Amino acid sequence: MVNIKPLRLPGRWREGFALDYHTVGSTYRGDDEFGHPIFDTQRTELGELLYRLKYRSDNSVVDEIAITAATFITSWNTGVDIIIPVPPSRSVRPLQPVLTLAESLSRKLNIPNVIDAVVTVKDIPELKNVYDYDERLRLLQGVHVIRSSIVEGKRILLFDDLYRSGATMNTITAALYDHGLVADVFALAITRTRSKS
């Protein structure tokens, strides 16, 4: 199992955590031949595993990440009824890390993974390229529809792989409470960025 340093995540949920930061630090090394900056990035142990899954499509790390998350969730003892992964922002990616990890977590914890409880109904630009939090919230208005017949009265684990500003998870949490009539939402991300952008 991977060593982690859980971090509390502020939000509308009852309680939320990221298991660790994604990176330790990054050092500028100069520019490439196209004038783009090059960085030497050091990641946390969990951040490196998630990087390999998310950006290198390395499925071999899924089990180790899921075991680490499942161990944390078991000790957290939230009593959640279902896992709801945050819908992926890039639907063209052949391997969807958040969905892959949520499915593995579901099997390890014997908690249903419900991928169709939150439905994305319109496309928006990738939020990692939008740096203003209020602009992110504006873009997220009306993006997700909650299928209340699936979630009403349930205790939800809202799950994401990488937490940046929290805009998406907070928007979905508000919709789960306001439109899904859920009993409670707990938020979990594998890692979080050091900045809110």
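Bear in mind that the values in this text are calculations on the coordinates, not laboratory data. What you see is a predicted model, and the numbers here were worked out from it, not measured in a lab. Heads up, the Cβs are rebuilt from the backbone with ideal geometry, glycines too, and the neighbour counts pull from every protein chain shown.
Treating the beta-carbon of each Lys and Arg as +1 and of each Asp and Glu as -1, no other charges, what is the dipole magnitude of segment 1-118 about its Cα centre, to the nearest 20 debye?
Dipole magnitude for segment 1-118 comes out near 320 debye.
Roughly speaking, what is the stretch gain from Y28 to W76, that is 0.36 nm per residue apart minus the C-alpha to C-alpha distance, in nm to one decimal?
13.5 nm
For the chain, give me the percentage of DSSP beta bridges that are antiparallel, rounded to the nearest 5 percent.
Antiparallel bridges make up about 40 percent of those DSSP assigns within the chain.
Please go through segment 69-116 and write out the trypsin sites (Lys or Arg not before Pro) that DSSP classes as loop and that have at most 14 other C-beta atoms within 10 Å.
Numbers: sites: R90, R107, K108; in loops: R90.
The qualifying sites are R90.
Based on the Cβ-Cβ distance of S57 and S89, what FRET efficiency does E = 1/(1 + (r/R0)^6) give at R0 = 25 Å, to the nearest 0.05?
With R0 = 25 Å, the Cβ-Cβ based efficiency is 0.90.
By count of other Cβ within 10 Å, fewest leading, how are Y51, Y163 ordered? Could the numbers behind the result be given before it?
Details: Y51 19, Y163 26.
Lowest to highest Cβ neighbour count: Y51, Y163.
For a quick check of your reading of the filter: which chymotrypsin sites (Phe, Trp or Tyr not before Pro) in segment 4-42 sit in a DSSP loop and have no more than 13 other Cβ atoms within 10 Å?
Sparse-neighbourhood loop chymotrypsin sites (Phe, Trp or Tyr not before Pro): F34.
Go through segment 1-42 and name the trypsin sites (Lys or Arg not before Pro) that are in a DSSP coil and have 16 or fewer other Cβ atoms within 10 Å of their Cβ. Mind dumping the intermediate values first?
Numbers: sites: R8, R12, R14, R29; in loops: R12, R14.
Here the trypsin sites (Lys or Arg not before Pro) that fit, given the DSSP loop and packing criteria, are R14.
For the chain, find the longest principal axis of its Cα atoms and tell me its angle to the long axis of helix 45-56, 0 to 90°, nearest 10.
That works out to roughly 90 degrees.
Specify the longest stretch of the chain that does not include any exposed loop site, a site being one of the GluC sites (Glu not before Pro) with a non-H, G, I, E, B DSSP assignment and at most 11 other Cβ atoms within 10 Å. Don't jump to the answer; show the numbers that get you there.
On the way: sites that count: E33, E126.
Longest stretch, sites excluded: 34-125.
Assuming 0.36 nm per residue, please report the length gained on full extension of the stretch H36 to S195 beyond their Cα-Cα distance.
Contour length minus the Cα-Cα distance gives 55.2 nm.
Helix 167-178 sits at what angle to the longest principal axis of the chain, using alpha carbons and giving 0 to 90 degrees rounded to 10?
0 degrees
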